[in-house]
1. Taking the condition of being among the β-branched types (Val, Ile, Thr) and either open to solvent by less than 60 Å² (accessible area, probe 1.4 Å) or at pLDDT below 60 (or both), how many residues in the stretch 163-212 meet it?
2. Here are some residues: Phe55, Phe48. Which one is more than 24 Å from Ala157 (Cβ to Cβ), touching a Leu at 6+ places or on another chain (Cβ under 6 Å) and surrounded by 20 or more Cβ atoms within 10 Å (Cβ to Cβ)?
3. Among the residues of the stretch 64-99, how many are out of contact with any Ser or Thr (no Cβ under 7 Å at 6 or more places or on another chain), among the β-branched types (Val, Ile, Thr) and closer than 18 Å to Ala187 by Cβ?
4. Quick check on my filter: what residues within the stretch 150-162 are open to solvent by 80 Å² or more (accessible area, probe 1.4 Å) and either acidic (Asp, Glu) or without any contact (Cβ under 8 Å) to a residue 12 or more places away in the chain (or both)?
5. I'd like the full set of residues that are in contact with a Pro (Cβ under 9 Å, 6 or more places away or on another chain) and either under 15 Å from Gly166 (Cα atoms) or among the polar types (S, T, N, Q) (or both), limited to the stretch 79-92.
6. Among the numbered criteria (1) within 17 Å of Phe69 (Cα to Cα); (2) out of contact with any Leu (no Cβ under 9 Å at 6 or more places or on another chain); (3) at pLDDT 95 or above, which one does Leu134 miss?
7. Quick check on Pro71: is it open to solvent by 60 Å² or more (accessible area, probe 1.4 Å) and not acidic (Asp, Glu)?
Amino acid sequence: MGRHREFDVEQVLDAVLCVFWRKGYEGASYADLTEAAGVERPALYAAFGNKEALFRRALTRYYERYMDFVPVALALPTAREVAAHILYGSVELNTRFPNHTGCLGINGAMAASDEAEPVRQALIQVRAEGEALLRERFERAKDQGDLPTTARPDALAAFVMAVVHGMAVQAKAGFGREMLCAVADQALATWPIGRSTVPETGRAGPSGAAPC
């Protein structure tokens, strides 16, 4: 009979997620992870696997728990509202926690060594999947006349992702919510509008709350 596990797996996962969020994948040492989890290293890795497996579990939890504003955004009626909800939602998340600002996915990929290449590739894949969802949404918007015929959905999706990633780096560097919201405002100032438009709900972050 196996030994009874004496810790809450969900609480431990939340604790190590915060460490990875604050320090990145390579910046988070084994000592950091075990101290935050309150669990000895053998027990930690018996439950989750090695550091890479632990990070992947934390990343999945991060997207499920903190990035839920993205599917909400994709369901909004106009392409501009989609972009706005993602941009302002990102600002809110990047600045929500003073002790771990920025984005777990971006922080996790910073200064990755050769040994961390699988993690870097996993993060690249996650971001590529997100960009693909945006591109598909903007393609539908173009077909519906919400975007002009000259619009490039692939470029718009890449643009939104580039701004989101840049704001995450700026948040990690100490930029506050007011400045990041100004960046989002600027990014939306020249958003292309098609011949067919519907009333927008205004600037709003997750749950409809304006973060700026």
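1. Residues meeting the conditions: 6.
2. Exactly one of Phe55, Phe48 is more than 24 Å from Ala157 (Cβ to Cβ), touching a Leu at 6+ places or on another chain (Cβ under 6 Å) and surrounded by 20 or more Cβ atoms within 10 Å (Cβ to Cβ), namely Phe48.
3. 4
4. Within the stretch 150-162, just Arg152 meets the criteria.
5. Tyr88, Gly89, Val91, Glu92
6. (2)
7. Judged against the criteria, Pro71 is a match.
This table checks each residue for (1) more than 14 Å from the chain's Cα centre (by Cα); (2) modelled with pLDDT under 90.
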position: Phe7; (1), (2): yes, yes
position: Val16; (1), (2): yes, no
position: Trp21; (1), (2): no, no
position: Leu33; (1), (2): yes, no
position: Gly38; (1), (2): yes, no
position: Ala53; (1), (2): yes, no
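The values are calculated or read from the model by the stated rules, or taken from the named source; none is laboratory data. All of these numbers come straight from a predicted model, not from anything done at the bench. All Cβ positions, even for glycine, are placed from backbone atoms using ideal geometry, and neighbour counts span all protein chains on display. SASA here: full protein model, heavy atoms, side chains in, ligands and nucleic acids out. Shrake-Rupley method; radii C 1.70, N 1.55, O 1.52, S 1.80 Å.
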